[in-house]
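So the structure is just underneath, and the comments pick up after that.
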Amino acid sequence: MTVLDTEPAKRKRAPSQRSLETRARILDTAERLFARDGFEGASIRDIATAAEVPVALVNFHGGAKEDLYFTIVARRAETLTRHRLEALDEAKASSDRLSLRAVLDCFIRPYLDLAASGGEQWTAYARLIAQVSADERWRPISERCFDPTAKLFMDELAALYPKADPRQVAGAFVFSISAMLSLATSRWRIEALAGTPPESAPSLDSWADFLIGFCESGFRAGLEPTGPRKR
């Protein structure tokens, strides 16, 4: 036994409130800049300047640039996962067999509710998810932060369409996620095409029923026997 083994473990001092607030400010700032400028476009120095902290503090709280990017994706993924799984558990408790709409509702509505109440940070987060989904180099982030939950929902969807090609089920699911992210990031485009003033735009969560119905229709058209025939 070494001397180190016999010494009592030193307690780590809990971070101060000021330290926690600084960390949150750095991560929020990084989230907005990465969402706006992309991974390459936002430098650690840019983040430090915008957060009004020394570069060393960004490194201290976030680590290297790729580690920081992962951290800001992972922190909201945990919250989102919890809300989605809670919704799914509640739906299963109230029904012996989940409908297609119920499964999509449990996946989509929690994000819209969080985005509606979380302001610009959750909008920025939607842009980050879109970046991660579009670039295969971030596949490890998707696999760690999103795939475990996505696969649970995929299992529910596959059970509803046991004879369907798994690729088509996955495709319909990914198309639905893309529609959700598009709504979160591009409502200004909807208002522009509709010719309505931006200030009259309905809240994000008020779109939930429309979006879920849209995704449900897409699933049915593509996967049910009455849908389009293959050519």
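Could you tell me which residue of the stretch 189-227 is farthest from Y161 (Cα to Cα), considering only residues that are among the aliphatic types (A, V, I, L, M) and in contact (Cβ under 8 Å) with a residue 40 or more places away in the chain? That would be L204.
The single condition from (1) part of a loop (DSSP other than H, G, I, E, B); (2) buried (at least 16 other Cβ atoms within 10 Å of the Cβ) that D96 fails is (2). Taking the stretch 199-231 as the range and being modelled with pLDDT of 80 or more and basic (K, R) as the test, only R220 passes. Number of residues in the stretch 1-54 that are modelled with pLDDT of 70 or more, in a helix (DSSP H, G or I) and among the polar types (S, T, N, Q): the value is 5. Tallying residues that are part of a helix (DSSP H, G or I) and in contact with a helix residue (DSSP H, G or I) (Cβ under 6 Å, 6 or more places away or on another chain) within the stretch 155-167 yields 4. Would you confirm, using the coordinates I've provided, whether D113 is assigned by TED's automatic domain parsing to the domain that holds V174 and under 27 Å from P202 (Cα atoms)? When the stated conditions are applied, D113 passes them.
Every condition in (1) over 24 Å from G218 (Cα atoms); (2) surrounded by 13 or more Cβ atoms within 10 Å (Cβ to Cβ); (3) small (G, A, S) is met by G119 except one, and the failing one is (2). Considering only residues in the stretch 157-200 that are of a type outside the set (A, V, I, L, M) and touching a Lys or Arg at 6+ places or on another chain (Cβ under 9 Å), the one that is surrounded by the most Cβ atoms within 10 Å (Cβ to Cβ) turns out to be T185.
The values are calculated or read from the model by the stated rules, or taken from the named source; none is laboratory data. In this text the structure is predicted, and so the values were computed from the model without any measurement. So basically every Cβ, Gly included, is an ideal-geometry build from the backbone, and we count neighbours across all protein chains shown.
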